[in-house]
Amino acid sequence: MAFTAKDVAALREMSGAGMMDCKKALTECNGDMDKAMDFLREKSLAASAKKASRIAAEGIVDSYIHMGGRIGVLVEVNCETDFVAKTDDFKAFVHDVAMQIAAAKPTYVTKEEVNQEEIEHEKEVLRAQAMNEDKPKPANIIDKMVEGRIEKYYKEVCLLEQPFVKDPDKTISQLLNETVARIGEKISIRRFVRYEMGEGLEKRHDNFADEVNAQMGK
């Protein structure tokens with residue numbers, strides 16, 4: 001499938017990758033835009049892996065305050081140099097992460113941070129649910145169901161596993177890797193704290209994810 005310079009430019013706009021990388025991706029994928037995007041994402045992952053051992057001791061702490069002051073987030077994101085920490089691209093990424101935390105309410109940054117006792121407890125609950133469903137299932141099927149539900153659980157509680165609120169077709173991990181590929185430095189989401197007004201008190205609960213999306217015009 002042939003492609004044009006406009007296709008290369010469009011892919012560059014979508015991916016944030018360099019022009020030559022986009023041209024190579026389209027060539028490798030015979031002009032298929034979706035496959036080229038996947039190609040670039042895989043390349044971004046490879047680039048991120050090479051940078052994983054480098055030290056990221058610079059960065060910024062950013063905040064996101066929901067309209068009306070009902071929800072607030074502080075997040076620390078690290079990079080390798082003070083120069084990159086001051087760039088608009090890095091600041092935009094950090095602010096998107098803060099907004100994600102406000103909207104999706106993660107508890108952890110990565111899967112590795114989840115308490116394994118918590119996971120084992122969750123597996124026991126899920127296995128009991130599966131065994132109590134109307135139609136009995138073999139043990140191996142139940143195990144697969146439980147693993148699938150655990151992966152869903154990770155997507156709910158782990159920031160990097162969550163679909164990005166601005167683009168649900170990619171995860172925060174993919175967004176991070178694409179940003180790493182663009183700026184050329186290791187990026188690490190170190191920690192965050194999320195405050196919700198009246199949290200723990202008996203009150204009416206609103207859907208903050210819907211409200212954040214509404215603010216973005218979605």
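Each reported figure results from applying straightforward, stated rules to the coordinates on display, with no laboratory input. The structure presented is a predicted model; accordingly, all values stated were derived computationally and were not measured. Ideal geometry is used to build each Cβ from the backbone, glycine not excepted, and the neighbour counts take in all protein chains shown.
For the reader, a short list of remarks on this structure follows.
- Extension gain, THR4 to LEU74, is 20.9 nm, computed as 0.36 nm per intervening residue step minus the present C-alpha separation.
- For LYS186, distant residues with modelled amide H under 5 Å away: GLU80
- In nm, spacing of pseudo-spin labels at ASN140 and ASP89 (7 Å Cα→C-beta vector): 4.8 nm
- Pairs from LYS86/LYS111; LYS43/LYS105; LYS23/LYS111; LYS24/LYS105; LYS144/LYS186 whose Cα-Cα separation, in the structure shown, is over 31 Å: LYS23/LYS111; LYS24/LYS105; LYS144/LYS186
- Extension gain (nm, one decimal) between VAL125 and GLU151, 0.36 nm per residue minus Cα-Cα: 7.9 nm
- Taking the Cα centre of segment 115-156 as reference, the dipole from Cβ charges on Lys and Arg (+1) and Asp and Glu (-1) amounts to some 280 debye.
- Net lengthening on full extension, ASP210/GLU112 (0.36 nm per residue, minus Cα-Cα): 32.4 nm
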